[in-house]
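A short worksheet on the structure shown next.
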Amino acid sequence: MNVLPQPELNERLAAILAISQKMNSERDLSALLDLIAREAISLLDCERASIFLLDRDRNELWSKVALGSEEILRFDARRGIAGETALTGNIVNVRDAYSDPRFYTAIDDQTGYRTRNLLAVGVRNQQGEIIGAFEALNKHAGVFTARDEDSLTALASHAAIAIETAQLIGELRRNSDELAQQNAHLWREVESRYATHGIIGAGPRIQQVVRLIERIRDSAVNVLITGESGTGKELAAKAVHYNSPRARKPFVALNCAALPETLLESELFGIEKGVATGVNSRVGQFQKADGGTLFLDEIGDLSLTAQAKILRVLQERILERVGGRTSIPVDVRILAATNKDLEAEIVKGTFREDLYYRIKVIHIYMPPLREIREEIPLLANHFLKEYCKETAHSTMEFAPEVLRKLVNSPWPGNVRQLRNEVMRLAACSSQAVIGEEDLWEGMPAPGHDTPQAPSVKVQSLKKAVAEMERTMIGEALRQTKGNQQQAAKLLGLSRQGLINKMKRYAIAG
Ligand SMILES: Nc1ncnc2c1ncn2[C@@H]1O[C@H](COP(=O)(O)OP(=O)(O)O)[C@@H](O)[C@H]1O
Ligand SMILES: [Mg+2]
């Protein structure tokens, strides 16, 4: 260190401190490099200054070609005076550039600038690693002094911190942009999977469910979904959620049957720290679903006490944690599912009528698979495609006799059982066509358990459609007690359209 007269030293230090403050508020790397160069030029009273940063992956130095330019200059990190400084960390002060063998003239050639003299110092980060070189070119009066060496070294150490911060922020920004993009992509996937399209079924029973879900998409009413186990209740609940304005808020599923009575309350409402020894506070499912949807699966299995507590939250929209003193407001939409007959439970006194009416604002009934056998080929092929996609397997198909057997099996476990069976068949079959030999010997025999179950005949499509239309029109008229206007609405037809079809099928009005 050379010794400066005290007032002058103070002046320099104050200038460097002021520059350092400016640098630390610049988060953009390109603008920061310009700022550092500008400040060095005025501090050292020279023509140019630039920072060369070390790219360790490519073992190159790079810098901006000129102030304000986005053009980048790159060269081998072992070249030139900047290279030597970046390698050794030594200060290099050159009085006559072109007579120094280390000087790398190619840069002047490239930029069209003529270097007379230069000063280079290493740029070290706080860990002491060299991250680049700092060069000042062409002192206005004379050559660079020892004082300039000290100033540039001090400036370089402040610059290093600001540069690393800006690089880190740039990287974080790029990562977060990438994450945001991935996130948006995943949301589109989830939405398209459950945007009712996840519910497969071409016939009227399933289509009715799909239309109902679409009809209530803008509301936040509570929905009760009933049906046997494996009929798609949870699938329907997700479709309701992902079609609603709450789609991007949480969907929290809770199986009420799987929880012992003693844990239910803390699971639902959360628990305050220290209620019992060693208990940490925990957020309950109601709070996790805040702003979104809470799916209460197997709600028919809740005890009367638990029912009372849930009802209170639904009525007052606030909850209290176990052992807590404060009330926490919550905004939760409830979707509930059960395979029990809740009206019978009400009669028995095991389900609260008031809770029933609160959750059953809309009722969705998922039919058992044996009642919608016409959907089996579609479902089976859908699951087979899903298997091939998930396992990156080439396409497979069912032999017709296998489909016929699937259609005629009793399926007590409904769609879930069908899905499992298809996955098993696909995994076990070594051929592209799944044949009868792949069928499980234990698979229930056709017609067994449901002797009068209708099977799907192979007939002309036109005839099958006509039959289906005739049945649906008959059913709609029955449901509306012969009101053609209402029946047409149910079927999604105009009244005239309905009358035309009734004439075609000779249905009495
Ligand atoms: N209509 C359907 N279309 C496509 N997949 C279905 C359908 N119904 C049920 N599934 C599938 O069957 C399985 C069981 O459905 P799930 O919703 O869990 O039934 P539940 O809740 O009534 O027991 C899931 O893999 C689900 O995706
Ligand atoms: Mg379920």
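What follows draws every value from the coordinates through simple rules; no lab data is involved. Keep in mind that what you see is a predicted model, and the values were worked out from it rather than measured. Glycine gets a Cβ as well: all are built from the backbone with ideal geometry, and neighbour counts include every protein chain shown.
Here are the numbers for the structure shown:
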{"item": "Ordering of 286-299, 464-477 by packing [mean C-beta count within 10 Å, highest first]", "result": "286-299, 464-477"}
{"item": "Centre separation in Å (Cα based) which lies between segment 78-107 and segment 265-328", "result": "70"}
{"item": "Centre separation in Å (Cα based) which lies between segment 357-392 and segment 481-500", "result": "28"}
{"item": "Spatially proximal aspartates and glutamates relative to Lys360 (Cα-Cα < 13 Å; intrachain offsets below 8 disregarded)", "result": "Asp341, Glu343"}
{"item": "Packing-based order for 305-312, 131-138, using average beta carbon neighbours within 10 Å, highest first", "result": "131-138, 305-312"}
{"item": "Relative contact order of the chain, defined on C-alpha pairs under 8 angstrom at six or more residues apart (%)", "result": "10"}
{"item": "The chain: C-alpha gyration tensor shape, a/c 1.5 cut-off, then a/b vs b/c", "result": "prolate"}
{"item": "Crossing angle, helix 376-390 versus the chain [Cα axis fit, 0-90 degrees, rounded to tens]", "result": "20"}
{"item": "Total formal charge among the other residues, if their Cβ is under 15 angstrom from that of Ser266, Lys/Arg +1 and Asp/Glu -1", "result": "0"}
{"item": "Most to least packed among 152-165, 246-259 [average Cβ atoms within 10 Å]", "result": "152-165, 246-259"}
{"item": "Straight-distance crosslink candidates among lysines, where the alpha carbon sits under 19 Å from Lys288 and sequence neighbours closer than 8 are dropped", "result": "Lys238, Lys249, Lys273, Lys309"}
{"item": "Helix-only CD estimate at 222 nm, as mean residue ellipticity for the chain, using -39500 (n - 2.57) per DSSP H run (n ≥ 4)", "result": "-15000 deg cm²/dmol"}
{"item": "Eligible lysines near Lys385 by straight Cα distance, threshold 21 Å, same-chain separation 8 or greater", "result": "Lys405"}
{"item": "Cα convex hull volume per residue for segment 6-171 (Å³)", "result": "110"}
